[in-house]
Amino acid sequence: MELGCLWEDQHEGLTCEQYAQWKIDNDPENQTAGLARYLEDNGIDCPSCKMKFSLAKGGCMHFKCPQCGFEFCSGCSQPFHQKGVCRKYRSCQGQGLHCHHPRNCLYYLRDEDFDDLQKLLKTNKIHINTTAPDQEAGQSCPVMEQKEDPEGKRDEACGREVEEGFAGLCKIHYKEYLVSLINKRNVDPVAMMSVDAIKRLIEREEKKVPEKKANETDAKYRKRLEQFIREIEPLNRQE
Ligand SMILES: [Zn+2]
Ligand SMILES: [Zn+2]
Ligand SMILES: [Zn+2]
Ligand SMILES: [Zn+2]
Ligand SMILES: [Zn+2]
Ligand SMILES: [Zn+2]
């Protein structure tokens, strides 16, 4: 035991360095700052000029780079297309400003339930931080985000109410944290999707949905659709 290192029960079986790390990892202040900082570090990178913004991605996911003016999705970095420019699908011609998000973009995954996202992460053996720091009444989410009002855009702390069990974040930013883990590890969310959801993905690609064969079980059919979408639209997200 080093001089100046106060003995606590948790020190038992740990070296002083390990214990110091344990203190850091388990300090409520650090945990809150930790996840908030994590979201900001995984912030928004402009795919055009490479400028980095230490901001959460959520809210309006249509981000216009203040440096170069490029318009892209803060979740997947895909460009926004002005009316009439995009030819990816037949339906693009009739659309105004739009973006094509891959199925693992926060744009889609933020509509999934917490349970499903957590289950997907657990199935892939990815550790999730759920520890809630000691919460004081009225504590607000510290994640920095871009806010827009009639006076313009500014970067400000989220300020939404912190939810119990969400490691010091609000619901929206805790979900963003879960999705960032999914994206970081390149987990394909198709694994948790229902038959109907996968059918919608296939239709979005303007491809014909394979029909269910006679004698094919529901599970086998679902698996076949999953295979099909993985082939026609592989996830190759760059980190
Ligand atoms: Zn010690
Ligand atoms: Zn830029
Ligand atoms: Zn917008
Ligand atoms: Zn996107
Ligand atoms: Zn398009
Ligand atoms: Zn928040």
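Electrostatic bookkeeping for residue 189 treats Lys and Arg as +1 and Asp and Glu as -1; over the other residues with beta carbon under 10 Å from its beta carbon, the sum is -2.
Summing charges over all other residues whose Cβ lies under 9 Å from the Cβ of residue 57, with Lys and Arg as +1 and Asp and Glu as -1, gives -2. With the charge dipole of the chain set up from +1 on Lys and Arg Cβ and -1 on Asp and Glu Cβ about the Cα centre, the Cα lying farthest toward the positive end among the listed residues 162, 194, 209 is that of 209. Computed across the chain, the Kirkwood radius stands at 20.6 Å (inverse of mean 1/r, all Cα pairs). In the chain, the DSSP-assigned H stretches of four residues or longer account for a calculated mean residue ellipticity at 222 nm of -10000 deg cm²/dmol, using -39500 (n - 2.57) per stretch and the full residue count as denominator. Computed over the stretch 98-239, the P(r) tail beyond 21 angstrom holds 55 percent of alpha carbon pairs.
Taking a Cβ cut-off of under 15 Å around residue 219, the surrounding Lys, Arg, Asp and Glu residues balance to a net charge of +2, with basic ones at +1 and acidic ones at -1.
Treat the count of other C-beta atoms within 10 Å as a stand-in for reagent exposure and order 112, 161 from fewest to most.
So the ranking, lowest neighbour count to highest, is 161, 112.
Remark on the stretch 193-234: ratio of C-alpha radius of gyration to 2.2 N^0.38 Å is 1.06.
Taking 0.36 nm per residue of sequence separation and subtracting the Cα-Cα distance, how much length would be gained by fully extending the chain between residue 220 and residue 116, in nm to one decimal?
Roughly 35.3 nm would be gained on extension.
Listed by chain and number, the lysines whose alpha-carbon sits under 20 Å from that of residue 57, ignoring those within fewer than 8 places in the same chain, are 147, 153, 171, 175, 184.
None of the figures in this text is laboratory data; all of them are computed from the coordinates on show. Please read all numbers here as calculations on a predicted model, not as lab measurements. FYI the Cβ positions are ideal-geometry reconstructions off the backbone, even for glycines, and counts take in every protein chain you see.
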